[in-house]
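All remarks here apply to the structure that follows.
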Amino acid sequence: MHNINYIRSNPVEFDNFMKTRGERPIAQKIIEIDKEKRETQTVLQNLLAERNQISKTIGILKSEKKDATKEMAKVDDLKNKLNTLKELETLKDDELKAILSRLPNIPDSTTPIGSNEEENVFYRDWGSKPSFNFDPKFHFEIGENSNLMNFETATKLSGPRFVVLKGQLSKLERAIANFMLDKHTSSNGYVEMHVPYLVKAETLYGTGQLPKFGEDLFTAGDDHWLIPTAEVPLTSLCSNQILNINQLPIRVTSYTPCFRSEAGAAGKDTRGMLRQHQFTKVELVSLVEPEQSNNELERMLNCAEGILKDLNLHYRVMTLCTGDMGFGAKKTYDIEVWLPGEGKYREISSCSNCGDFQARRMNTRYKSNDKNIHVHTLNGSGLAVGRTLIAILENYQTLDGNVEIPEVLKKYFDNQNTLF
RNA sequence: GGAGAGAUGGGUGAGUGGCUUAAACCACAGGUUUGCUAAACCUGCGAAGGGGGUAACCCCUUCCGAGGGUUCGAAUCCCUCUCUCUCCGCCA
């Protein structure tokens, strides 16, 4: 949610920012509605003050057993005006909120301007593409050949875009998640949380998925929605609170399933477990003071990259351009891991600084020198577990169809060297 | 699911239609006193928004779980909903 005062005093700049995010100029309309609302409010409040004054007089007159019919008639007269003005004010306020709640965040000054993913900018990379003396297979070939990755059974149970993992692959999924959680909690200063996977619409509004992107979500009825990412419950932990400054920074992590309808992705990545309706992810979330959020984004990115370095997986980091960034983000880094089977870099983590955008929507503030200031929120995958599993299968595969176990994961496998 | 009780500021908690402009206490912050700490005393201390002023500041409105209603006037009365607690039932 945007600060209306900012739009009021910088309408041109605001429209320019919105343009980079694919929005039409809207500041003039916002200012107009806001002005109407405030004017209505002023008149309304003056009348209310008048009514309160007269009512008080009536109270005094009555207690003195004097006649108050004249005053009562006066207030009666005010009533109609008050109702009309109240309705108008509510109308204008709703209009304003309807517009503001659907506008994306303003990009950071360091976010490259562009219209789609083609214009994302290379930031840095690590490692190099592994070489194979055979044709590396796709992850789903390795998985299906081992009989431990089954898409048909999953489709039988739930339809397309689900998977059943068995035995060592199911264990690998769990080992990856454990490794990530262990690292983030012991070395990176995050506190592990166990959170609900079903949340209210209000919670999704706070992080920005609603009202605009309901189509991407699964709902379980009765105002219960399945989380598309643990960012939603984690960021919302302190919603509607005023924190003490010494509680910051807050760094939390959680391993959860994520549910996405993939409404706009028909026909895209239909083979394998790259794009599923359900997948698991270890999420990182930070709440920090505004001055800290730029540094925190770099820190978070390093925490996510650290996992890939430990797993010895080659990756590159891209800075997303304005047109490819998510709704609530000011700046986003995507980490793309190299998948030799597919021969492509694929997103495995996305780290975003949302500034005060989400904090405004969910009303999370902290007290500093007697002032209440909105916190800055950040979220990042650290990492997507399913895609990490894919990356390990494709990067650690051997000629005989087996998969070597990465050094840091061996302790979860009784120090075995290979998976099968 | 059934029965009952409840929801008031950071916390405890008073307030059943108009001297409530939400008391009091605790916590917290500043100050006085003080060899240090503590105690005592003094002062301050919720949020959102509107208006005025160059400004320090001043005025006003709204908020007592949420939303409606009654009334000249609602924390207080009425209706609906949500949540919490206790007991019973069911249950991993």
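Accessible area ranking (1.4 Å probe, heavy atoms, ligands and nucleic acids excluded), largest first, for A:365, A:24: A:24, A:365. The trypsin sites (Lys or Arg not before Pro) of the range A:189-297 that DSSP puts in a loop, and whose beta carbon has at most 12 other beta carbons within 10 Å, are A:268, A:271. Backbone phi angles across the range A:285-293, fed through the Karplus curve with coefficients 6.51, -1.76 and 1.60 (θ = phi - 60°), yield HN-Hα couplings of 9, 10, 10, 9, 5, x, 5, 8, 5 Hz in residue order; Gly and Pro are listed as x. Since only A:84, A:391, A:58 are under comparison, the one whose Cα sits farthest along the positive direction of the charge dipole of chain A, derived from C-beta charges on Lys, Arg, Asp and Glu, is A:58.
Starting from the Cα gyration tensor of the range A:376-420, take the square roots of the eigenvalues, sort them a ≥ b ≥ c, and report rounded, prolate or oblate (rounded when a/c is under 1.5, otherwise prolate if a/b is larger than b/c, else oblate). The shape class here is oblate. For chain A, the longest principal axis of the Cα atoms and the long axis of helix A:27-63 meet at an angle of about 50 degrees. Think of chain A as a dipole: +1 on every Lys or Arg Cβ, -1 on every Asp or Glu Cβ, centred on the Cα centre; then among A:126, A:416, A:273, A:273 lies furthest on the positive end.
Over all directions, what mean area does the Cα convex hull of the range A:304-359 project, stated in square nanometres? Write out the running numbers ahead of the final one.
On the way: hull surface 17.9 nm².
Reported value for the Cα convex hull: 4.5 nm².
Note on chain A: GNM, Cα springs under 10 Å; of A:101, A:115, A:158, the largest mean-square fluctuation is that of A:158. Remark on the range A:223-348: ratio of C-alpha radius of gyration to 2.2 N^0.38 Å is 1.19.
Rolling a 1.4 angstrom probe over the protein heavy atoms, how many square angstrom per residue are accessible across chain A?
Values: 20810 Å² over 420 residues.
Ligands and nucleic acids excluded, the result is 50 Å² per residue.
Considered as an equivalent ellipsoid built on the Cα gyration tensor, the range A:102-156 has semi-axes of 38, 23, 9 Å, the largest given first. When A:225, A:126 are compared by accessible area of protein heavy atoms, the largest-first order is A:126, A:225, using a 1.4 Å probe.
Each distinct pair of alpha carbons in the range A:4-100 adds a 1/r term; the inverse of their mean, the Kirkwood radius, is 16.1 Å.
Highest mobility in the GNM of chain A, judged by mean-square fluctuation with C-alpha springs under 10 Å and restricted to A:143, A:382, A:264, is found for A:264.
Could you give the size of the charge dipole of the range A:285-416 about its Cα centre, using +1 on the Cβ of each K and R and -1 on the Cβ of each D and E, expressed in debye and rounded to the nearest 20? Could the numbers behind the result be given before it?
Details: 15 positive and 18 negative charges, 120 e Å.
Approximately 580 debye in magnitude.
If you wrap the tightest convex hull around every Cα atom of chain A and split its volume per residue, you get 179 Å³.
Give me the number: length gained by fully extending residue A:212 to residue A:170, i.e. 0.36 nm times residue separation minus the C-alpha to C-alpha distance, one decimal in nm.
Full-extension gain reported as 11.6 nm.
Using only C-alpha positions, report the orientation-averaged shadow area of the convex hull of the range A:286-420, nm², one decimal.
The directionally averaged projection comes out at 10.2 nm².
Between A:359, A:154, A:329, the Gaussian network model of chain A with springs among Cα atoms under 10 angstrom shows the greatest mean-square fluctuation at A:154.
With helices as the sole contributors, chain A gives -13000 deg cm²/dmol at 222 nm; each DSSP H run of n ≥ 4 counts as -39500 (n - 2.57), and the sum is divided by every residue.
Evaluated over the Cα positions of the range A:347-388, the convex hull gives a direction-averaged projected area, one quarter of its surface, of 3.7 nm². Given +1 at the Cβ of Lys and Arg, -1 at the Cβ of Asp and Glu and no other charges, the dipole of chain A around its Cα centre is 1160 debye to the nearest 20.
The DSSP beta bridges internal to chain A are antiparallel in roughly 90% of cases. Of the trypsin sites (Lys or Arg not before Pro) found in the range A:22-73, those that fall in a DSSP loop while having at most 12 other beta-carbon atoms within 10 Å are A:65, A:66.
The values are calculated or read from the model by the stated rules, or taken from the named source; none is laboratory data. Quick caveat, the model's predicted, so the values are computed rather than measured. All Cβ positions, even for glycine, are placed from backbone atoms using ideal geometry, and neighbour counts span all protein chains on display. These area figures cover heavy atoms from the full protein model, side chains too; ligands, DNA and RNA do not enter into them. Shrake-Rupley method; radii C 1.70, N 1.55, O 1.52, S 1.80 Å.
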